[in-house]
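Colleague: Structure provided below as structure tokens; questions to follow.
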Amino acid sequence: MTHKLNGERLVVATHNDGKLREISALLAPYGVEVTSAKALGLGEPEETETTFVGNARIKAHAAAQASGLVALSDDSGLMVDALDGAPGVYTADWAETPDGRDFMVAMTKVHDRLAHLDAPTPWTARFCCTLCLAWPDGSDQIFAGEAAGQLVWPVRGTQGFGFDPMFQPAGEALTFGEMTPDQKSPLTHRTDAFRKLVSACFA
């Protein structure tokens, strides 16, 4: 069943401020009032699945049930070809340290594994995004997108978040970390998935 969004208040199932900013900007033209799981004081459910779809569903349904609102979750990650798709769904886990998440640690880990394998360049990779739009009645819709590119070392740029300074999208000279939000937005995996969501839910 395909639901349409018509000005509903929507909760984004995230505690990541960078992700919330990107999603809010993408939804802004459609008159949707956006809040977040963090703003509502909702907990973060344990992501126990091994796929982007599975984890996106866990987060969206937990937020929809706890808030009574339509909920949108995003499960995304970096898949590196020479690492057999790692870190993949464990992308955020690679950044975990005793003091919280540090993506410089994660990017260094990816580089060191590629170097250990003596993986030939270019180090091709892609960002993947799976959106789950969940409704309080238990139904949901799934939309997937990706952005292809390659990894650079040393990392470049201080914009964006996560692996952005290491990722150079295909056909571009700059990394996501060197781009302004306006430069980056049309090229992202999240925007690709959102185009599909908009086509289904706002058309």
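Colleague: If you go through the range 69-88 one residue at a time, how many are crowded, with 23+ Cβ neighbours inside 10 Å and either aromatic (Phe, Trp, Tyr) or over 23 Å from Thr121 (Cβ atoms) (or both)?
Modeller: 6
So that you can scan it fast, the table gives a plain yes or no per residue for (1) assigned to a loop (DSSP other than H, G, I, E, B); (2) farther than 19 Å from Met104 by Cα; (3) modelled with pLDDT of 95 or more:
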| position | (1), (2), (3) |
| --- | --- |
| Asp137 | yes, yes, no |
| Gly162 | yes, no, no |
| Ala173 | yes, yes, yes |
| Arg195 | no, yes, no |
| Ala203 | yes, yes, no |
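Colleague: With the condition kept exactly as written, say whether any residue in the range 43-52 is modelled with pLDDT of 95 or more and in a helix (DSSP H, G or I).
Modeller: Scanning the range 43-52, I find at least one residue that is modelled with pLDDT of 95 or more and in a helix (DSSP H, G or I), so the answer is yes.
Colleague: Looking at this structure, is Arg113 in contact (Cβ under 8 Å) with a residue 24 or more places away in the chain and more than 16 Å from Gln168 (Cα to Cα)?
Modeller: In short, yes.
Colleague: For the range 126-146, name all the residues that are without any contact (Cβ under 8 Å) to a residue 40 or more places away in the chain and within 17 Å of Phe163 (Cα to Cα).
Modeller: none
Colleague: Ile58 versus (1) under 14 Å from Leu133 (Cα atoms); (2) in contact (Cβ under 8 Å) with a residue 40 or more places away in the chain: which is the lone unmet condition?
Modeller: Condition (2) is where Ile58 drops out.
Colleague: Please specify each residue of the range 111-135 satisfying the condition of being surrounded by 19 or more Cβ atoms within 10 Å (Cβ to Cβ) and either in a loop (DSSP other than H, G, I, E, B) or over 18 Å from the mean Cα position of the chain (by Cα) (or both).
Modeller: Leu114, Trp123
Colleague: Here is a further query. Could you check how many residues of the range 11-29 are over 13 Å from Val198 (Cα atoms) and in contact with a strand residue (DSSP E or B) (Cβ under 8 Å, 6 or more places away or on another chain)?
Modeller: Looking only at that region, the number is 8.
Colleague: Right, another one. Can you tell me how many residues within the range 77-110 are among the small types (Gly, Ala, Ser) and in a strand (DSSP E or B)?
Modeller: 2
Colleague: So which of Gly149, Gly160, Gly177 ends up being in contact with a Pro (Cβ under 9 Å, 6 or more places away or on another chain), touching a residue at least 40 places away in the same chain (Cβ under 8 Å), within 19 Å of Phe103 (Cα to Cα) and surrounded by 18 or more Cβ atoms within 10 Å (Cβ to Cβ)?
Modeller: Unique residue meeting the criteria: Gly160.
Colleague: Another one. From the list Arg126, Arg113, pick out the single residue that is among the basic types (Lys, Arg), out of contact with any Phe, Trp or Tyr (no Cβ under 8 Å at 6 or more places or on another chain) and farther than 22 Å from Gly18 by Cα.
Modeller: Arg113
Colleague: Name the one entry in Val70, Val80, Val32 that is at pLDDT 95 or above and touching a Leu at 6+ places or on another chain (Cβ under 8 Å).
Modeller: Val80
The values are calculated or read from the model by the stated rules, or taken from the named source; none is laboratory data. Owing to the predicted nature of the structure, the values given are computational and were not obtained by experimental measurement. Note that each Cβ is placed from the backbone with ideal geometry, even for glycine, and that neighbours are counted across all protein chains shown.
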